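A.B. asks: Pasting a structure here, questions to come.
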Amino acid sequence: MKKTTIILAALLMTSTAAYSSSVLDGNSLLSDCQSDDQSFCLGYALGVETTMRLADLIGKSCIPDGVTAEQLAEVAIRYLKANPKNRHFGAQGLLIHAFNKAWPCK
């Protein structure tokens with residue numbers, strides 16, 4: 001399982017280089033999250049969280065049950081603003097990292 005997690009994380013982080021024109025990056029996501037209509041940002045953050053649970057990556061982040069899409073988006077925005085040097089990477093990998101930092105397992 002650990003090997004699968006590492007491979008999946010590496011694929012998510014490197015996908016931007018191979019498909020940079022078709023992968024949403026952190027700059028674009030931050031722009032969407034700061035717009036008047038945050039529905040895309042909320043849905044994207046919730047989608048990443050759901051994917052983490054389905055892919056069994058949750059063992060690394062321990063996102064508590066009941067966390068709202070708004071909370072996920074706030075964590076994403078805070079992380080993206082605090083790490084401008086990484087915003088050219090794929091948004092999926094950035095959010096996985098942000099959620100893992102926000103809700104580490106104890």
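The values are calculated or read from the model by the stated rules, or taken from the named source; none is laboratory data. Values in this document were obtained by computation on a predicted structure and should not be read as measured data. Glycine also receives a Cβ, built like all others from the backbone with ideal geometry; neighbour counts cover every protein chain displayed.
A.B. asks: On the given criteria, is Thr4 in a helix (DSSP H, G or I), at pLDDT below 95, exposed (fewer than 13 other Cβ atoms within 10 Å of the Cβ) and within 14 Å of the chain's Cα centre (by Cα)?
C.D. replies: Values: in a helix (DSSP H, G or I): yes; at pLDDT below 95: yes; exposed (fewer than 13 other Cβ atoms within 10 Å of the Cβ): yes; within 14 Å of the chain's Cα centre (by Cα): no.
No; evaluated as a whole, the condition is false for this residue.
A.B. asks: Every residue in region 24-57 that is outside any helix (DSSP H, G or I) and at pLDDT 90 or above, please.
C.D. replies: If we filter region 24-57 for residues that are outside any helix (DSSP H, G or I), which is where we start, we get 24-25, 34-38, 55-56.
Matches in region 24-57: Leu24, Asp25, Gln34, Ser35, Asp36, Asp37, Gln38.
A.B. asks: Within region 58-72, identify whether any single residue is modelled with pLDDT of 95 or more, exposed (fewer than 15 other Cβ atoms within 10 Å of the Cβ), in a helix (DSSP H, G or I) and over 13 Å from the mean Cα position of the chain (by Cα), and answer yes or no.
C.D. replies: Yes, some residue in region 58-72 is modelled with pLDDT of 95 or more, exposed (fewer than 15 other Cβ atoms within 10 Å of the Cβ), in a helix (DSSP H, G or I) and over 13 Å from the mean Cα position of the chain (by Cα).
A.B. asks: Give me the pairs: first residue in region 36-54 and more than 16 Å from Leu24 (Cβ to Cβ), second residue assigned to a helix (DSSP H, G or I), beta-carbon distance under 9 Å, and six or more apart or on different chains, which are they?
C.D. replies: Close Cβ pairs satisfying both conditions: Met52/Ile58; Met52/Lys60; Met52/Leu95; Met52/Ile96; Met52/Phe99; Met52/Asn100.
A.B. asks: Among the residues of region 76-99, what is the count of those that are over 10 Å from Leu29 (Cβ atoms), surrounded by 20 or more Cβ atoms within 10 Å (Cβ to Cβ) and without any contact (Cβ under 8 Å) to a residue 60 or more places away in the chain? Step through it out loud before you land on a result.
C.D. replies: Going residue by residue through region 76-99, those that are over 10 Å from Leu29 (Cβ atoms) are 78-79, 81-86, 88-89, 93, 96-99.
Now restrict to residues that are surrounded by 20 or more Cβ atoms within 10 Å (Cβ to Cβ): 79, 89, 93, 96, 98-99.
Still in the list and also without any contact (Cβ under 8 Å) to a residue 60 or more places away in the chain: 79, 98-99.
Counting residues in region 76-99 that are over 10 Å from Leu29 (Cβ atoms), surrounded by 20 or more Cβ atoms within 10 Å (Cβ to Cβ) and without any contact (Cβ under 8 Å) to a residue 60 or more places away in the chain gives 3.
A.B. asks: Condition first: in a helix (DSSP H, G or I) and either among the charged types (D, E, K, R) or touching a strand residue (DSSP E or B) at 6+ places or on another chain (Cβ under 9 Å) (or both). Now tell me which residues in region 73-104 satisfy that.
C.D. replies: As a first pass, look at region 73-104 and keep what is in a helix (DSSP H, G or I): 73-82, 84-86, 91-102.
Selection gives Glu74, Arg78, Lys81, Lys85, Ala91, Leu94, Lys101.
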